[in-house]
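Engineer: One structure, pasted below without further comment.
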Amino acid sequence: VVGVDGSAEALRQGEERARAQGFDVDWTEANLDDYVPPDGSFAVVVNCFYLNRELLPRLVRSLRDDGYLIMEQHLRTPLPVSGSPSWRVEPNEFLKTFDGLRILHYEELLTRDVDRDRDIAVVRMVACKGTGGF
């Protein structure tokens with residue numbers, strides 16, 4: 001397992017939580033705008049609430065054959081929700097961006113961020129590079 005973040009504090013918190021659960025994680029501090037994950041090296045890639053459209057093709061290339069990509073991101077909506085509009089994707093944008101992958105789950109929804117007590121609009125996607133074993 002590799003954890004990548006640009007924040008030393010976020011990595012420290014992640015390491016503390018992982019260690020408490022008995023997980024061994026290789027923590028990497030990197031600016032995700034410049035991060036180039038190794039091609040074909042990951043069975044699963046998870047990207048939550050970090051948007052850099054130039055990074056997205058690199059994430060796909062980093063997947064092994066039959067690897068999974070899990071994405072969660074803020075969604076653009078005219079409704080009054082929290083979060084900067086510059087961090088949001090357009091409706092159906094991920095379907096177009098990842099059209100070379102097999103989309104296993106896709107949803108766009110309004111939901112509650114209970115940790116921050118606010119309404120948010122999100123897109124969630126699970127996709128596979130290949131058949132995904134079925």
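The values are calculated or read from the model by the stated rules, or taken from the named source; none is laboratory data. Nothing here was measured: the structure is a model prediction, and the numbers come from that model. Heads up, the Cβs are rebuilt from the backbone with ideal geometry, glycines too, and the neighbour counts pull from every protein chain shown. Accessible surface is based on the protein model in full, side chains and every heavy atom, while ligands, DNA and RNA are left aside. Shrake-Rupley method; radii C 1.70, N 1.55, O 1.52, S 1.80 Å.
Here is a yes/no grid of residues against (1) of a type outside the set (Ser, Thr, Tyr); (2) open to solvent by 40 Å² or more (accessible area, probe 1.4 Å); (3) at pLDDT below 95:
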| position | (1), (2), (3) |
| --- | --- |
| Tyr35 | no, yes, yes |
| Tyr50 | no, yes, yes |
| Val60 | yes, no, no |
| Leu63 | yes, no, no |
| Pro80 | yes, yes, yes |
| Lys96 | yes, yes, no |
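Engineer: Open to solvent by less than 30 Å² (accessible area, probe 1.4 Å) and either over 18 Å from Asp5 (Cα atoms) or within 16 Å of the chain's Cα centre (by Cα) (or both) - does that describe any residue in the stretch 104-112?
Structural biologist: no
Engineer: Tell me, yes or no, whether the stretch 67-77 has at least one residue that is more than 25 Å from Ser7 (Cα to Cα) and modelled with pLDDT under 95.
Structural biologist: yes
Engineer: Separate question: Is one or more of the residues making up the stretch 75-90 under 16 Å from the mean Cα position of the chain (by Cα), without any contact (Cβ under 8 Å) to a residue 24 or more places away in the chain and farther than 22 Å from Pro37 by Cβ?
Structural biologist: Within the stretch 75-90, one or more residues are under 16 Å from the mean Cα position of the chain (by Cα), without any contact (Cβ under 8 Å) to a residue 24 or more places away in the chain and farther than 22 Å from Pro37 by Cβ.
Engineer: Name the residue that is surrounded by the fewest Cβ atoms within 10 Å (Cβ to Cβ), counting only residues in the stretch 113-134 that are charged (D, E, K, R) and part of a loop (DSSP other than H, G, I, E, B).
Structural biologist: Across the stretch 113-134, the extreme among qualifying residues is Asp115.
Engineer: When the residues of the stretch 103-128 are filtered to those that are charged (D, E, K, R) and modelled with pLDDT of 95 or more, which remaining residue is farthest from Asp65 (Cα to Cα)?
Structural biologist: In this case the residue turns out to be Glu108.
Engineer: State which residue is least open to solvent (accessible area, probe 1.4 Å) when the search covers only the stretch 14-31 and only residues that are closer than 26 Å to Val123 by Cα and in contact with a Gly (Cβ under 6 Å, 6 or more places away or on another chain).
Structural biologist: Gly14
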